[in-house]
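Note sheet for the following structure.
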Amino acid sequence: NAGVTQTPKFQVLKTGQSMTLQCAQDMNHEYMSWYRQDPGMGLRLIHYSVGAGITDQGEVPNGYNVSRSTTEDFPLRLLSAAPSQTSVYFCASSSVMHEQYFGPGTRLTVT
Amino acid sequence: AQKVTQAQTEISVVEKEDVTLDCVYETRDTTYYLFWYKQPPSGELVFLIRRNSFDEQNEISGRYSWNFQKSTSSFNFTITASQVVDSAVYFCALSMEYGNKLVFGAGTILRVKS
């Protein structure tokens, strides 16, 4: 039982490049979310999903796309990376009991 | 709109001191959930506690205790006899019933010195 896994752990992109951050969970949780963590701001919700095929925007969705084709996977796509997207990204999953389990994070730098 | 405020940006204590981390929240919903997470220097987020809005009982877990007061919209966290291993960033968070979306406070950096 791996919990929530994220790949890669570190990534450096150039402005304008695109990439996908991978997230997977093996707990059969309905809910999955993506957050970004910036210094002094806590974590902010980017996108979330309440089940396969259903996604919605969070507080800071601009520049990011998501899809949820399976219960297990919830990838986050950066369409055209910008320096403002330099951050640590966390994926989380939870059940109807509302406790969220977080992945180990992806540290992204956009130059 | 929901909001979580952790007014203490950074706290430094000496080992064995008690320390309280403050959390004040705002929401118009009658059903909500409050959380505390710990982020040690290694960077992962560790779940500490969840509290439902309809359960105001305080909770104690070892050296940790939580005081939930709906009247003041506060959910404070106390560490008794702090240890160096308690050094971390602590986040308070709020979620509504639907979607499990968490709204986080900015976090409090706790430094425990030996």
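The table below gives the values:
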item: Sites excluded, chymotrypsin sites (Phe, Trp or Tyr not before Pro) in DSSP loops with at most 10 other C-beta within 10 Å, longest stretch of chain B; result: B:1-53
item: Alpha carbon Rg of segment A:1-92, scaled by the compact-globule rule 2.2 N^0.38 Å; result: 1.03
item: Scattering curve values for chain B, log₁₀ I(q)/I(0), Debye with Cα scatterers, q = 0.10, 0.19, 0.20 Å⁻¹; result: -0.27, -0.96, -1.06
item: 5 Å binning of all Cα-Cα separations within the protein assembly as shown, expressed as whole percents from 0 upward; result: 1, 7, 15, 18, 18, 16, 12, 8, 3, 1, 0
item: Centre separation in Å (Cα based) which lies between segment A:55-87 and segment B:77-111; result: 25
item: Average Cα contact separation per residue, segment A:16-60, under 8 Å, 6 or more apart, as relative contact order %; result: 28
item: Excluding exposed DSSP-loop trypsin sites (Lys or Arg not before Pro) (at most 15 other C-beta within 10 Å), longest clean stretch of chain A; result: A:15-111
item: B:Gly107 long-range amide H proximity, modeled H, under 5 Å; result: B:Gln6, B:Cys92
item: Under DSSP loop assignment and at most 14 Cβ neighbours within 10 Å, longest GluC sites (Glu not before Pro)-free interval of chain B; result: B:57-96
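No lab work stands behind these numbers, since they all come straight from the coordinates. Treat the numbers as computed from the prediction; the structure is a model and nothing was measured. So basically every Cβ, Gly included, is an ideal-geometry build from the backbone, and we count neighbours across all protein chains shown.
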